[in-house]
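These notes are about the structure you will find just below.
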Amino acid sequence: MPITATPIPNLSDNYVWHLREESTGTVAIIDPAEAAPTARAIEALGGRLDMILLTHHHADHIGGVDELRARYGCPVIGYGDDAARLPKLDRAVREGDVVAFGAASARVIFVPGHTLGHIAYFIPEGPLLACGDTLFSLGCGRLFEGTPEQMFESLGKFSGLPDDTRVCCTHEYTESNLRYAEHVDSLTKTGGDNPALKIFGARVRALRAAGSPSVPSLLGDERGANPFLRAGNAAAFATLRQGKDNFR
Ligand SMILES: [Zn+2]
């Protein structure tokens, strides 16, 4: 049962993910920033919306929720312990909960760090990971509320997921992340010679030069090239994250 994943551009660099479970036609939207461009894309893709899944409370992830819920009459699902900062939830979920998605299922993974109430959804039938602002292609989310230790542990929760998992993150930050990843790689003993990063980088630059989204990427490729997934411990992760915050 394939899952089709389409990124809908919102705001300046957000992607709202349109996921369709093809055997039933069930459609989920992840983190709608804006109602109007999201609804236009939903209509162009068949006019169906069955559920809205939220990863965290930031305005650029929830701004379109109420209008889309009113228009399509669909339930909104998000993290129960952060309900006070989210739009009204029709279903509150927590770590390990499973959301039925047509003939597939979305498993909730609690991943604090970017915020303290951040969750991701893993759909094994994809396989696909909707990870919000936790893991980005070649990068990771800023630590607005959590500690480096929390984020390191959260990213570690993705370590058991298959290499062919599509990483559906919510921002087009990949080229900027690529420059930092190349900088980090240049400081290693092998001096900027990571072949996985070279292949990844060439693909990203070609996609962006063609005006195409750089995502979704594959988790296996991220494991080879993303410095934040290659950090061996929380202290190394903290140094990397701080370096990125100051990198121009
Ligand atoms: Zn955010």
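For this structure, a couple of remarks:
- Checklist (1) under 14 Å from the mean Cα position of the chain (by Cα); (2) of a type in the set (Gly, Ala, Ser); (3) outside any loop (DSSP other than H, G, I, E, B); (4) within 16 Å of the ligand (Cβ to nearest atom) applied to ALA33, failing item: (3)
- Matching entry among GLU182, GLU172 (being within 28 Å of ASP60 (Cα to Cα) and either within 22 Å of the chain's Cα centre (by Cα) or modelled with pLDDT of 95 or more (or both)): GLU172
- Filter result (farther than 14 Å from THR115 by Cα, of a type in the set (A, V, I, L, M, F, W, C) and more than 15 Å from the chain's Cα centre (by Cα)) within the range 49-72: LEU49, MET51, VAL65, LEU68, ALA70
- Residue list for the range 148-170, filter: free of Cβ contacts under 8 Å to residues at least 24 places away in the same chain and either of a type outside the set (Gly, Ala, Ser) or not in a loop (DSSP other than H, G, I, E, B) (or both): GLY156
- Filter pass, ARG142 being of a type outside the set (Ser, Thr, Tyr) and more than 12 Å from the ligand (Cβ to nearest atom): no
- The helices (runs of 4 or more DSSP H) falling completely within the range 171-248 that include 1 or more residues that are aromatic (Phe, Trp, Tyr) map to 174-186, 195-209, 227-230, 234-245.
- Taking the range 121-139 as the range and being within 15 Å of the ligand (Cβ to nearest atom), not aliphatic (A, V, I, L, M) and not in a loop (DSSP other than H, G, I, E, B) as the test, the residues that pass are CYS131, GLY132, PHE136, GLY139.
- Taking the criterion of being surrounded by fewer than 12 Cβ atoms within 10 Å (Cβ to Cβ), more than 24 Å from THR165 (Cα to Cα) and out of contact with any helix residue (DSSP H, G or I) (no Cβ under 9 Å at 6 or more places or on another chain), the residues of the range 184-209 that qualify are LEU187, LYS189, THR190, ALA209.
- Looking across the range 154-174, the residues that are over 10 Å from LEU128 (Cα atoms) and either of a type in the set (Ser, Thr, Tyr) or within 16 Å of the ligand (Cβ to nearest atom) (or both) come down to SER154, LEU155, SER159, CYS169, THR170, HIS171, GLU172, TYR173, THR174.
- PHE228 being surrounded by 15 or more Cβ atoms within 10 Å (Cβ to Cβ), touching a helix residue (DSSP H, G or I) at 6+ places or on another chain (Cβ under 8 Å) and touching a residue at least 60 places away in the same chain (Cβ under 8 Å): yes
- Within the range 36-61, considering residues that are hydrophobic (A, V, I, L, M, F, W, C), surrounded by fewer than 19 Cβ atoms within 10 Å (Cβ to Cβ) and away from the ligand (no atom under 15 Å from the Cβ), the one nearest to SER105 (Cα to Cα): LEU45
The values are calculated or read from the model by the stated rules, or taken from the named source; none is laboratory data. Not measured: the values here are computed from a predicted model. Virtual Cβ from ideal backbone geometry, glycine too; neighbours counted across all protein chains shown.
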